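For reference, the structure discussed in these notes is given below.
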Amino acid sequence: SATPNAQIWYTTDGSTPQMGGTLYTQPVTLSVNTTLKAIATSTMLPSAITTANYRFPIPMASILELRANTVDNTTIYKLTNEVILTAKHTYRNQMFVQDANAGIMIDDQNAVIQITPNIGDGITNLTGYLTTYDGMLQFIPVFNNAVISSTNNPIVPISTTLSLINQNPASFESRLIRLHTVGFD
């Protein structure tokens, strides 16, 4: 509010702030997902209500743990352990990463990630949300906080058979694999 001596009233539960509610007197500390709403009042008309949504990433220790979460296109996750880049495309800045037990495709259409990793590089601090496209689980970055944490890591494809893939296709999704006992007619 441009009005001198206006007071700011706020809520952290998403409700409409009211004069006589919680008065802003010092910075508000937030550590969990919060919808903050505020209004300025004085002897004149009150300001419009301003809303800000603060989202804190949920730490995930592995891609397997990440893949087990609900796909809601809004919950933000942060991969805290290193993942290895196994493939990348210029189309939509897509990257395929995997760790010891799972893989996922990063679809960075908005070029959020500003690092330029090479195949075999380790990446940490990937932060984003889960979505699906045509049945494939994808990770959409929302913060530019990813870092290259190691380089020249060996990439060893997972040796498997079509039979094992058909039993649990999701466990092989976005991973580099080597097929055995495959014949072509």
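The values are calculated or read from the model by the stated rules, or taken from the named source; none is laboratory data. Source: prediction; values computed, not measured. We place every Cβ from the backbone using ideal geometry, glycine too, and count neighbours over all the protein chains shown. Heads up: the accessible areas ignore ligands, DNA and RNA and are worked out on the full protein's heavy atoms, side chains in. Shrake-Rupley method; radii C 1.70, N 1.55, O 1.52, S 1.80 Å.
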(request) Tell me which residues, restricted to region 110-145, are of a type in the set (D, E, K, R) and surrounded by 14 or more Cβ atoms within 10 Å (Cβ to Cβ). (result) D121
(request) Tally the residues that are small (G, A, S) and not in a loop (DSSP other than H, G, I, E, B), restricting the search to region 106-143. (result) 2
(request) Go through region 71-80 and give me each residue that's in contact with a Leu (Cβ under 8 Å, 6 or more places away or on another chain) and surrounded by fewer than 18 Cβ atoms within 10 Å (Cβ to Cβ). (result) V71, D72, N73, T75
(message) L164 - would you say it is assigned to a strand (DSSP E or B) and either charged (D, E, K, R) or touching a helix residue (DSSP H, G or I) at 6+ places or on another chain (Cβ under 9 Å) (or both)?
(response) no
(message) Looking only at region 146-160, filter to residues that are open to solvent by less than 70 Å² (accessible area, probe 1.4 Å), without any contact (Cβ under 8 Å) to a residue 60 or more places away in the chain and not in a strand (DSSP E or B); which one of those is nearest to S174 (Cα to Cα)?
(response) P157
(request) Please work out if N53 is open to solvent by 80 Å² or more (accessible area, probe 1.4 Å) and touching a Lys or Arg at 6+ places or on another chain (Cβ under 6 Å). (result) no
(request) State all residues of region 162-185 that are hydroxyl-bearing (S, T, Y), out of contact with any strand residue (DSSP E or B) (no Cβ under 7 Å at 6 or more places or on another chain) and surrounded by 10 or more Cβ atoms within 10 Å (Cβ to Cβ); if no residue qualifies, say none. (result) S171
(request) Answer yes if at least one residue in region 81-102 is under 14 Å from the mean Cα position of the chain (by Cα), among the hydroxyl-bearing types (S, T, Y) and buried (at least 18 other Cβ atoms within 10 Å of the Cβ), and no otherwise. (result) no
(request) Considering every residue within region 31-42, establish whether at least one is modelled with pLDDT of 95 or more, closer than 30 Å to A170 by Cβ and within 15 Å of the chain's Cα centre (by Cα). (result) no
